[in-house]
Amino acid sequence: MEQYEPDQLSPARLAAVRRSLRNGRASLSRRSLLRASTGGALALGGLGTLSACGIPAAKNTAGVSSEDHSAKEKQINFSNWTEYMDVDDSEKRHPTLDTFAERTGIKVKYTEDINDNVEFFGKLKPQLAAGQDTGRDLICVTDWLAARLIRFGWVQKLDASNLPHAYANLSQQFRTPDWDPGRAYSYPWTGISTVIAYNKKALDGVEVTSLSDMLDNPKLKGRIGLLSEMRDSIGMTLLDLGKDPEKFTDDDFDTAVARLQKAVDKGQIRRFTGNDYTSDLTKGDLAACLAWAGDVVQLKADSPDVDFLIPDSGYLTSTDNLLVPNKARHKSNAERLIDYYYEPGPAAQLAAYINYVCPVDGVKAELAKIDKSAANNPLIIPDAAMAAKSHSFRSLSTKEETAYEEKFAKLTGA
């Protein structure tokens, strides 16, 4: 396991963090992506301040736990993102959590205290670094932060015997992330896909089937949008170039940057955006753009002109993930809750409400009983062909992240 070392932020990485918090995935609202997705963000709000706060460096504490009080204390303390759980018509109760409590006798203290990964990590870092109980049995964080928590040895290895449904029903596309092969420490709560969205009226007959079509067609000059998140825009460009975002080299990254720089120089790209692309796309100021699937589901429902496509080259999917912190008092109870959300019934109820990619196989029939349109929406339940086109952006070292963010910041003018 990796020892903690403070990250040093370059001006470009600081800009990337502020950009993400201001208008990127960390800034969005209900059912939209509330993510700060740069590792630099972790350094700004969390790891980079550990030494300054007098908090000891993390020890190699992988798998460390306190005594599990699950048998005697029928409870779980679960921290999650806002608007990331099903609610009833009164929006005061969570039906799936209520059913779990009724079935198991385990009461869930559910807290929506995650607004972005950076801020949440700042709440946990003193206890995690000192090897103390965080007061939480289950947390939900984005893949890049989950990867670091695992590397630092700050989360517990899960007991597979408590996770029969999760093990059996986890979709193949989410089984082997490079940061947690075989899902020994984590299980995905949802998937977050990056696709191409377009306004049919604004395209006015121009054919768009790929990122190259967006970047090269002069009829679309000044009406193309890319995302201000480095992993999304570079990852989709790597795919368009025939490169694998899970295995790319420094040279591959530079080639992708040069490809986008050419489009910037000729005025093809209107701007790099956070989710504020939604307004421009609906109005037709953007003819096509990179977009997050959770937004597209909502936009399609509200605007008949908006639609999406999956390029033949593929698309990116990241994940938000459930983990059990070190020293959690109720590990077995937390594992039972993870497993519960991998049963098709509860998984369908959750997917029907939050509209993100469901990582649970066998959920479509159950979801159709609740919402047929959601069950048939490939942005929520990818079919086999779509799932096969899903790719992840590989984990980055601190050195890589610094270099890549600097280059991307120069490209975007951040």
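The values are calculated or read from the model by the stated rules, or taken from the named source; none is laboratory data. Small disclaimer: the values here were computed from a predicted structure and weren't measured. Methodologically, a virtual Cβ is constructed for each residue, glycine included, from the backbone with ideal geometry; neighbour enumeration extends over all protein chains shown. Note: accessible area is taken over every heavy atom of the protein model, side chains too, but ligands, DNA and RNA are not part of it. Shrake-Rupley method; radii C 1.70, N 1.55, O 1.52, S 1.80 Å.
In terms of distances greater than 25 angstrom between alpha carbons, the cross-link table entries LYS200/LYS410; LYS72/LYS364; LYS201/LYS221; LYS247/LYS389; LYS201/LYS410 yield LYS200/LYS410; LYS72/LYS364; LYS201/LYS410. Per residue, the accessible area of the stretch 292-397 comes to 33 Å², computed with a 1.4 Å probe over protein heavy atoms only.
For the stretch 272-353, the share of accessible area belonging to carbon and sulfur comes to 44 percent (1.4 Å probe, ligands and nucleic acids excluded). I need the shape label for the stretch 262-354. Rule: rounded when a/c is under 1.5, else prolate if a/b > b/c, else oblate, with a, b, c from the alpha carbon gyration tensor. Prolate, since a/c reaches 1.5 and a/b exceeds b/c. Based on protein heavy atoms only, the stretch 127-181 ends up with 37 Å² per residue of surface accessible to a 1.4 Å probe.
The residues of the stretch 209-266 have, on average, 40 Å² of accessible surface per residue, using a 1.4 Å probe with all protein chains present.
Dipole magnitude for the stretch 81-166: computed about the Cα centre from +1 point charges on Lys and Arg Cβ and -1 point charges on Asp and Glu Cβ, it is near 540 debye. Here the stretch 256-414 is assigned +1 on the Cβ of each Lys and Arg and -1 on the Cβ of each Asp and Glu. Its dipole about the Cα centre then comes out at about 400 debye. Taking each residue as 0.36 nm, the span from ASP159 to ALA184 lengthens on full extension beyond its C-alpha to C-alpha distance by 8.2 nm. Note on the stretch 346-370 and the stretch 104-137: Cα centroid distance 26 Å, given to the nearest whole angstrom. Relative to the compact-globule estimate of 2.2 N^0.38 Å, the Cα radius of gyration of the stretch 178-299 comes out at 1.13. Heavy-atom surface analysis with a 1.4 Å probe gives the stretch 79-144 a carbon and sulfur content of 42 percent of its accessible area. Between ASN376 and HIS69, the C-beta separation translates, for a Förster distance of 51 Å, into a calculated FRET efficiency of about 0.70. Pairwise Cα distances in the stretch 236-276 exceed 17 Å in 39 percent of cases. A crude spin-label estimate for the pair ASP133 and GLU400, with each label 7 Å from Cα along the Cβ direction, gives 3.8 nm.
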